[in-house]
Amino acid sequence: MSNDKQPHSAQTTGHAWDGDIQEFNNPLPRWWLWGFYATVVFAIVYWILYPAWPIGKTYTKGMFNNIEYTTAQGQHVVTHWNTRAVYEREMQFARQQQAGILKTLDQSSFDDIVKDPQKLGFAKSMAKVLFADNCQACHQAGGAGIVGRYPNLADDDWLWGGSFAQIENTIREGHTGMMPSFKTRLSRAQINAVSEYVLSLSGQASDTDLVKQGQAIFEGEGGCVACHTKAGTGNIAMGSANLTDQIWTIAKVASAKNPQEKRAAVYSVVENGVTRTMPTWKDRLSPTEIKVLALYVHELGGGK
């Protein structure tokens, strides 16, 4: 008698195609079945605990306790547990924390803020957003500015002063800077000579004869010393530029390719004059927001 075991024959559904293609009827693995049953149980528990099923014009509210919070507009809300309510409650807590830190910043001096890493870190993170929302459109990202239109805040050249208090005052009150046009007061030759002298103040001139002529006009008939001083170092009280520091906020001297283009760039400013206005922000930003912005701008250019 043979002891060979009979081969196990696979079960099929009884369906067949083309005579020899059959569909097996293998049972699902037990681990898969238990996993499926677990998901069903989990779903039922979830439906009971959390808001889930619509019922007419409402829905099941879950079994968690109600949540209370106050919106940013001051509205007090009591509602069933839901992710929106959790978010609003967290935002309320964040606003309370922020208000506490802002109060501390408001009561701290600039020196105290700079010396405290926590205060300084919060002030910078807040000011970065304020700068992007309110200042970046003109002064560009990082305070780079646009030559001829908006001052560069990162070059350590401060027309109205670079101390914390001076920058804060500039943001709060705004400024209007004005240099008159000299096209009707000086001849073209005189403006050309003054331009050459202005370039010489920062070591850029090349025509010594024009420099001498320009200096006489600068200190005499042109009256330039009244704003820029005899040394050409400018006057913070008037917002007049320092002509000796090789930083050009109006004339496009830095991008000029030769001495003639540099002189033409300065000539244009002297001939046509300049009017620039920075608006006041005291009606749009709180005193604390202006304070942290002043700190941020001060750090951009190193301050003074």
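Rule-based calculations on the coordinates, nothing more; no lab input. Every value quoted in this text rests on a predicted model; they were computed, and no experiment measured them. Cβ atoms come from the backbone with ideal geometry, glycine included; neighbour counts cover every protein chain shown.
Using only the alpha carbon atoms of region 178-277, find the Kirkwood hydrodynamic radius as the inverse mean reciprocal pair distance, in angstroms to one decimal.
Numbers: mean 1/r = 0.0758 Å⁻¹.
Taking every pair of different Cα atoms in region 178-277, averaging 1/r and inverting gives 13.2 Å.
Could you please tell me the mean projected area of the C-alpha convex hull for region 102-258, averaged over all directions and given in square nanometres to one decimal?
Details: hull surface 44.9 nm².
Averaging across all directions leaves 11.2 nm² for the Cα convex hull.
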**Q.** Globularity ratio of the chain, using Cα Rg and 2.2 N^0.38 Å
**A.** 1.92
Q) What's the FRET efficiency of V40 with Q92 using the Cβ-Cβ distance as r and R₀ = 30 Å, to the nearest 0.05? A) 0.20
Q. Do the alpha carbons of any pairs in K124/K262; K115/K282; K61/K128 sit beyond 30 Å of each other, and which pairs?
A. K124/K262; K61/K128
Q: Could you give log10 I(q)/I(0) at q = 0.12 Å⁻¹ for region 47-105, computed by the Debye formula over C-alpha point scatterers of equal weight, without solvent?
A: -0.39
Q) Going out from 0 in 10 Å bins, what whole percent of all Cα-Cα distances in region 152-227 drops into each bin? A) 17, 35, 27, 20, 2
Q. Using 0.36 nm per residue, how much length does the chain from D111 to R284 gain when fully extended, once their Cα-Cα distance is taken away?
A. 59.7 nm
Q.
Just to confirm the number: angle between the C-alpha axis of helix 287-301 and the first principal axis of the chain, 0 to 90 degrees, nearest 10?
A. 70 degrees
Q) By a straight-distance test (C-alpha under 20 Å), which aspartates and glutamates pair with K257 as possible cross-link partners, with residues fewer than eight away in the same chain excluded? A) E196, D207, D245
Q: Pop out the ³J(HN,Hα) list for region 245-250 in order, Karplus 6.51 cos²θ - 1.76 cosθ + 1.60 with θ = phi - 60°, rounded to Hz; leave Gly and Pro as x.
A: 9, 6, 10, 10, 9, 10
